[in-house]
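J.: Below is a structure I'd like to ask you about.
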Amino acid sequence: MESSTKGEDIVNVEGYNSNNIKKARLQSTLSALLQDPLLSDVPKKPSLLEVDTLISLELGSAMRISILKLDGTSIDVAVMNSATVKDLKLAIKKKVNDMEQSNMGHRHISWKHVWLNFCLSYHNEKLLDDQAQLQGFGIRNNSKVQFTPYVVSKGSQKHSRRKKHRFFHGLSKRA
């Protein structure tokens, strides 16, 4: 009876070693593929969505957009042809966070602050509606979208911070 348990332990250990060997081979193959210049746009640890978007880009059902930052540098993001402004913002956020993570480690960027003070624009038209499709603005593959400082006029108050505790301020004035 003891011999059968030892035999099962050996099988489990061999199976464990076999799985580790397979994972190591997969990792080495993946790292070798990512070193290929043709795959330079694939992130180091790609998610399924990123790989799917890059495949769609090659098939023509996605587009690459260059984002011009205020400091003159640019970043490229890939989004589906049916993407909205919100999808583009999420792609920018992911790309910048990944770049910051790889360059400097963890660094927090307040995206709420970014979108309150800056917006994206294409041919001097501000992309303010998050639900609007990018193609509605004429954005196509290899288009250049830029960050623009966002200044709100006093009359419109659109896209501004909400008044906090307005109800309580009204009560203190009446008293």
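J.: Across region 63-90, what is the number of residues that are touching a residue at least 24 places away in the same chain (Cβ under 8 Å) and open to solvent by less than 60 Å² (accessible area, probe 1.4 Å)?
T.: 15
J.: Of the residues His123, His159, which single one is at pLDDT 90 or above and either more than 25 Å from Leu49 (Cβ to Cβ) or open to solvent by 90 Å² or more (accessible area, probe 1.4 Å) (or both)?
T.: After ruling out the rest, the residue left standing is His123.
J.: Okay, moving on. If a residue has to be among the small types (Gly, Ala, Ser) and in contact with a Leu (Cβ under 8 Å, 6 or more places away or on another chain) to count, how many in region 63-87 make the cut?
T.: 3
J.: Could you tell me whether any residue of region 104-111 is part of a helix (DSSP H, G or I) and surrounded by fewer than 14 Cβ atoms within 10 Å (Cβ to Cβ)?
T.: yes
J.: Considering every residue within region 39-60, establish whether at least one is open to solvent by less than 60 Å² (accessible area, probe 1.4 Å), over 15 Å from the mean Cα position of the chain (by Cα), within 30 Å of Gln27 (Cα to Cα) and aliphatic (A, V, I, L, M).
T.: Yes, region 39-60 contains a residue that is open to solvent by less than 60 Å² (accessible area, probe 1.4 Å), over 15 Å from the mean Cα position of the chain (by Cα), within 30 Å of Gln27 (Cα to Cα) and aliphatic (A, V, I, L, M).
J.: Which pairs turn up if I take residues in region 95-124 that are under 18 Å from Thr84 (Cα atoms) and of a type in the set (Ser, Thr, Tyr) and look for partners that are in a loop (DSSP other than H, G, I, E, B) and open to solvent by less than 70 Å² (accessible area, probe 1.4 Å) with beta carbon separation below 8 Å, at least 6 apart in sequence or on another chain?
T.: Partner pairs satisfying both residue conditions: Tyr122/Gly138; Tyr122/Ile139.
The values are calculated or read from the model by the stated rules, or taken from the named source; none is laboratory data. As the structure is a computational prediction, the values presented were derived from the model and not from experiment. Because the Cβ atoms are built from the backbone with ideal geometry, glycine has one as well, and the counts that use them run over all protein chains shown. Just the protein is used for accessible areas: all its heavy atoms, side chains included, with ligands, DNA and RNA removed. Shrake-Rupley method; radii C 1.70, N 1.55, O 1.52, S 1.80 Å.
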